[in-house]
Structure formats: C-alpha cells, structure tokens
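J.: Got a structure for you, written out below as structure tokens; questions coming shortly.
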Amino acid sequence: MSPGLARLVEVLALLPPGRLMTYGELARQAALGSPRMSARLLGQLPDRERLPWWRIVNAQRRISEHGAQDEQHQRLAEEGLLPDTRGRYPISAFWP
DNA sequence: TTTTTGACTTCTG
DNA sequence: CCAGAAGCCAAAA
C-alpha cells in the first residue's frame, strides 16, 4: 500500500455519514498533489465495504463516471442524500 | 524513454 | 449554465 493511499484512507475514514467531499478536497487533505490522485487511489481501496468511497463527488457536486455509479447513488440515498433534478447534491452536505 | 490515459479542478468566454 | 484549455501526476502502453 502506497503512502498516498494510506493517507487517503485516514482522511476518508474520518468522513462521517451524510457528509460529502470532493476529489479536490480529499486530495488536499491527504496531500496527494492532484485531484486525479484521489480518483486513481479510490480505484484500489482495500476495504471497499468500510471506507466511504461513495461520499466522494466531483467539483460539480455530481457523481463521476466510473462503473459503480449506481451503487454510489444507492449508498448515498441510504444515508439520506438525494441529488436534485440535475443530479447535483446539496451544498449543505459539504459543510464541516 | 516518450506518449497516452484517466472516479479531476480551475479559469475563461 | 456549458464548453474548451491548461494544469495536474502516477500508471500503463
């Protein structure tokens, strides 16, 4: 496991239910160097069941294309997070 | 070794 | 609000 992934896991583990974070913010908090690193590393997470990868959305507050979008949608819905008619998640879910 | 490729972001128009 | 361009960086080709 790379040190970057280790740091990402630490940050991700502290993200509570009902709270969202963007790839960019995650990259900054875990000192990954670029938002793309968040995306890259999320693709090879160890504990897919425990770590809330589904609470990461893009800067437009939408779910990015990747292959598990449906699952992401569903998991967020289970936490009470629903997107508006344009697929955007509420700004309130991003506050500390 | 160089180029391409992404679960991306930010700035401009 | 949408589209394009530039910036980003590790991995794969």
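J.: I want to check the label-to-label distance for A:Glu78 and A:Glu49. Put each point 7 Å from Cα in the C-beta direction and report it in nm to one decimal.
T.: Spacing of the two 7 Å Cα→Cβ label points: 1.1 nm.
J.: If you don't mind, another one. Roughly how much of A:Asp47 is accessible, in Å² to the nearest 10, using a 1.4 Å probe?
T.: For A:Asp47, the solvent-accessible surface is approximately 80 Å².
J.: Another question, if that's okay. Want the number for A:Ala6 to A:Ser92: 0.36 nm per residue separation, take away the alpha-carbon distance, what's left?
T.: On the way: separation 86, 0.36 × 86 = 30.96 nm, distance 2.80 nm.
Taking 0.36 nm per residue and subtracting the Cα distance, the gain is 28.2 nm.
J.: So which helices of chain A fit the span-like rule, where a helix is a whole DSSP H run, its Cα atoms reach 24 Å or more along the axis, and its mean Kyte-Doolittle is at least 0.5?
T.: Counting only whole DSSP H runs, no helix qualifies.
J.: Compute and list, largest first, the equivalent-ellipsoid semi-axes of chain A from the alpha carbon gyration tensor, each √(5λ) rounded to a whole angstrom. Write down the numbers at each step before the final one.
T.: Values: eigenvalues 86, 37, 31 Å².
Equivalent ellipsoid of chain A: 21, 14, 13 Å, largest first.
J.: Based solely on its DSSP helices, what 222 nm [θ] is calculated for chain A when runs of n ≥ 4 H residues each add -39,500 (n - 2.57) and the sum is averaged over all residues, nearest 500 deg cm²/dmol? Walk me through the intermediate numbers first.
T.: On the way: 4 runs with 36 residues, N = 96.
Per the formula, -10500 deg cm²/dmol.
J.: Relative contact order, percent, of segment A:3-81 when contacts are C-alpha pairs under 8 Å separated by at least 6 residues?
T.: RCO, segment A:3-81: 32 percent.
The values are calculated or read from the model by the stated rules, or taken from the named source; none is laboratory data. As the structure is a computational prediction, the values presented were derived from the model and not from experiment. Positions of Cβ are backbone-derived with ideal geometry, glycine not excepted, and every protein chain shown enters the neighbour counts. Accessible surface areas use protein heavy atoms only, side chains included; no ligands, DNA or RNA. Shrake-Rupley method; radii C 1.70, N 1.55, O 1.52, S 1.80 Å.
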